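Notes follow the structure.
The values are calculated or read from the model by the stated rules, or taken from the named source; none is laboratory data. Note that this is a predicted model, so its numbers are computed, not measured. Neighbour counts are summed over all protein chains in view; Cβ atoms, including those assigned to glycine, are modelled from backbone coordinates with ideal geometry.
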Amino acid sequence: MKKEIVKKEKWVWAGVCGVDSGQIHIGDPCYIFEDQENYTACTGNKEILGSQAYEQLKHKAGHDGLGVLISGFGGDGIFPVYIKRDKKGLMQEAKIIFKRVTKI
């Protein structure tokens, strides 16, 4: 794992997120790798359209928590991800900037 200089209470560049399906999933990766069939069934490999450009994904048993699927940000691309830590150095926030960038 890469070491980083902890800049407390400031947004720090963490990397980029590539998108080829016009949508981003926020959730625990172990759920996806553990149950790829359920994940594909939940997302349907489709982009969510309309003003509600997000969806709470559910586990096979029907409860929330598989993640959140987000679309409606203009489609595919490479988007920067930033993190913010508290005074103790613990991760507090993460954000993805969906503004189109040509150079990272």
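Residues of the stretch 58-104 that are at pLDDT 95 or above and either small (Gly, Ala, Ser) or farther than 25 Å from residue 9 by Cβ (or both): 94 alone.
Name the one entry in 94, 61 that is of a type in the set (Gly, Ala, Ser) and not in a loop (DSSP other than H, G, I, E, B). If you could, list the steps in order and put the result at the bottom.
Details: 61 fails: not in a loop (DSSP other than H, G, I, E, B).
None of the others qualify; the one that does is 94.
Considering the stretch 64-103 alone, what residues qualify as being aromatic (Phe, Trp, Tyr) and free of Cβ contacts under 8 Å to residues at least 12 places away in the same chain?
Of the stretch 64-103, the ones aromatic (Phe, Trp, Tyr) are 73, 79, 82, 98.
Answer for the stretch 64-103, where residues must be aromatic (Phe, Trp, Tyr) and free of Cβ contacts under 8 Å to residues at least 12 places away in the same chain: there is none.
Among the residues making up the stretch 71-86, those that are of a type outside the set (Lys, Arg) and crowded, with 17+ Cβ neighbours inside 10 Å are 71, 73, 77, 79, 83.
For the stretch 24-39: of the residues being surrounded by 14 or more Cβ atoms within 10 Å (Cβ to Cβ) and over 15 Å from residue 95 (Cα atoms), which is modelled with the highest pLDDT? So that I can check it myself, show each step before the final result.
Applying the first criterion (surrounded by 14 or more Cβ atoms within 10 Å (Cβ to Cβ)) to the stretch 24-39 yields 24-25, 27, 31-32, 35, 38-39.
Pick out the ones that are also over 15 Å from residue 95 (Cα atoms) and you get 31-32, 35, 38-39.
Working: 31: 77, 32: 71, 35: 61, 38: 55, 39: 55.
Across the stretch 24-39, the extreme among qualifying residues is 31.
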